[in-house]
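One structure is given here, and the rest of the page talks about it.
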Amino acid sequence: MEAGQSHVVLGMMSGSSLDGLDLALCRIRLAPEGKQLVPAWEILAASTSPFPPTWQARLRSAPHLPGRELWRLHADLGHWIGKQAKAFLQQYPQYPPELAGSHGHTIFHDPDQHFTTQIGDGAAIASHLGLPTVTELRSSDVAVGGQGAPLAPLADKYLFPDYDGFLNLGGIVNLSLKQQDGSYLAGDITGCCQILDRLAGREGYDYDPGGMLAAQGSLAPAFAPQLTALPYHQLPYPKSLDNGWVREQLWPLLEASSASAKDLLHTYTRWLADKIATDLANVGAAAGAGKGNRPDQQPARILLTGGGSHNTFLVEQLRATQQATEPAFEFLVADERTTDFKEAALISLCALLRIKGLPNALPSATGARRETVNGAVYWG
């Protein structure tokens, strides 16, 4: 018989790409006194509730709203999330959850100024679900000097221990690499799907399906050095990004180009793959990850998740960076459910650890001075 107690938890994630709310109903076996904190887990059911255009517009405008209107949006989003979650759970009465966790939608993130802001009122969510609901999953880490991000290494450590590293190709691409002592070194690399989707919009698409548009383009006049030279790209890890940086620092460099959307997609995707490979190599050297550090002398196994892992052209470009005789990294695409709902499963784990009073952020990944228990609890 496996050690530990089994818990059913609903996790909810709203990412920076504004495509929708991901919901994952997870069964997690927790064994705080065992050799493995999470000896077993599974996603029982999962779905995405797309953001209607009106909601996309409201969330895009959020950073510019006056305080009163931002707080109204915070409450409205909480009620919207609660209604979506209740409708989702009604489809799976055989899996009644004991707990819910919601990441909320990030509006501001400035750990250097000691704050991070995710909206989506937890009290409103709990009122619809009638369940204890955990929100505000980053602030305690920020309060003790951490970036409050990335949270993903928590899932990497406890839910996917068989891999050496992880790339989440979401609105922002972030990495985490297992160090030789078992801790994780992590951080945000740069804008990913936020940029690709915006360029695809110029061609009338919500996103670039499979990287089809990028594959049809050609290299644009050299603006890649300007992308590489952005000050954030030179900072050491751990580090994290605000969506505002993507809008205000990264996007203008592409917007200023006269190249076609397809050529910009082609050029940015190739630059992005090279940037990811460069950061992986640099962080890998610091973390002791990569070929030569595995007992079998094989390349480090990097799991790809997030919407960008469906972009065949991007994945091909990533693999092309490792075509040397002895590649350091092997890029592996997860199954579709893991690819699309890893972050929602992560929020399930974060919420469960919060209720149990256990640390739910990794200081080696965030740069915090110590472990923290993150989350505000609304009892429903």
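Each value in this text was obtained by applying a stated rule to the coordinates, not by laboratory testing. Please read these numbers as outputs of a predicted model, since none were measured by experiment. Cβ atoms come from the backbone with ideal geometry, glycine included; neighbour counts cover every protein chain shown.
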Practice item. Mind giving me the FRET efficiency for Ala31 and Leu65? R0 is 41 Å, r the Cβ-Cβ distance, nearest 0.05 is fine. Key: 0.40
Review point. What order do you get for 138-146, 314-322 when each peptide is scored by the mean count of other beta carbon atoms within 10 Å, highest first?
Key: 138-146, 314-322
Study note, to complete from the structure: In whole Hz, the Karplus estimates of ³J(HN,Hα) for the stretch 219-228 (6.51, -1.76, 1.60; θ = phi - 60°; x where Gly or Pro) are 5, 7, x, 4, 10, 4, x, 5, 5, 4
Review point. Gly148's amide H: which non-local residues (gap 5+, or another chain) put their own amide H closer than 5 Å, with H modeled 1.01 Å from N in plane and none for Pro or chain starts?
Key: Val142
Check your understanding: Which distance in nm do the two modelled labels at His233 and Asp181 give, with both placed 7 Å along the Cα-to-Cβ direction?
Key -> 3.2 nm
Revision key, fill the gap. For the pair Glu336 and Arg202, the simple spin-label estimate (label points 7 Å beyond Cα toward Cβ) gives in nm 3.1 nm
Study note, to complete from the structure: Listed by chain and number, the lysines with an alpha carbon less than 27 angstrom from that of Lys178, same-chain partners under 8 positions apart left out, are Lys35, Lys157, Lys239, Lys275, Lys291, Lys342, Lys356
Review point. For Val373 and Ala123 in one chain, what is 0.36 nm times their gap in residues minus the Cα-Cα distance, to one decimal in nm?
Key: 88.1 nm
Practice item. Pull up the DSSP beta bridges for the chain and report the antiparallel fraction as a percent, rounded to 5. Key: 75 percent
Check your understanding: Based on DSSP, what percent of beta bridges with both residues in the stretch 155-337 are antiparallel, to the nearest 5?
Key -> 55 percent
Practice item. With no solvent and one equal point scatterer per Cα, compute the Debye intensity ratio I(q)/I(0) for the stretch 155-337 at 0.09, 0.11 Å⁻¹ and report its log10, rounded to two decimals. Key: -0.31, -0.46
Review point. Mean Kyte-Doolittle of at least 0.0 and a Cα length of 30 Å or more along the axis: which whole DSSP H helices of the chain meet both?
Key: 261-287
Revision key, fill the gap. The long-range amide H neighbours of Gly15, using H built 1.01 Å from N in the peptide plane and a cut-off of under 5 Å, are Gly20, Asp22
Check your understanding: Under the Karplus relation 6.51 cos²θ - 1.76 cosθ + 1.60, θ = phi - 60°, what is the ordered set of whole-Hz ³J(HN,Hα) values for the stretch 110-116, x standing for Gly and Pro?
Key -> 9, x, 5, 9, 6, 8, 8
Study note, to complete from the structure: For the stretch 1-109 the trypsin sites (Lys or Arg not before Pro) that pass both the DSSP coil test and the at-most-16 other-Cβ-within-10 Å test are Lys35
Study note, to complete from the structure: Net charge near Leu352 (other residues with Cβ under 13 Å of its Cβ; Lys, Arg +1; Asp, Glu -1) is +3
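Evaluate E = 1/(1 + (r/R0)^6) for Gln113 and Glu248, where r is the Cβ-Cβ distance and R0 equals 25 Å; express this FRET efficiency to the nearest 0.05.
The computed FRET efficiency comes out at 0.95.
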Revision key, fill the gap. Computed on Cα atoms only, the convex hull of the stretch 118-225 has an orientation-averaged projected area in nm² of 11.5 nm²
Study note, to complete from the structure: Given 25 °C, 0.890 mPa s and a Kirkwood radius over Cα pairs, the Stokes-Einstein diffusion coefficient of the chain in µm²/s is 116 µm²/s
Review point. Local charge sum around Ser240 (other residues, Cβ-Cβ under 11 Å, Lys/Arg +1, Asp/Glu -1)?
Key: -3
Study note, to complete from the structure: The rounded separation in angstrom of the Cα centers of the stretch 3-81 and the stretch 211-276 is 28 Å
Practice item. Could you calculate the FRET efficiency of Ser218 with Gln298 from 1/(1 + (r/R0)^6), where r is the beta carbon distance between them and R0 is 51 Å, rounded to 0.05? Key: 0.90
Exercise for review: Using packing as a proxy for protection, rank 237-246, 264-273 so that the peptide with the highest average count of other Cβ atoms within 10 Å comes first.
Suggested key: 264-273, 237-246
Check your understanding: Which cross-chain or sequence-distant (5 or more) residues have an amide H under 5 Å from the amide H of Ala40, H modelled 1.01 Å from N in plane?
Key -> Arg29
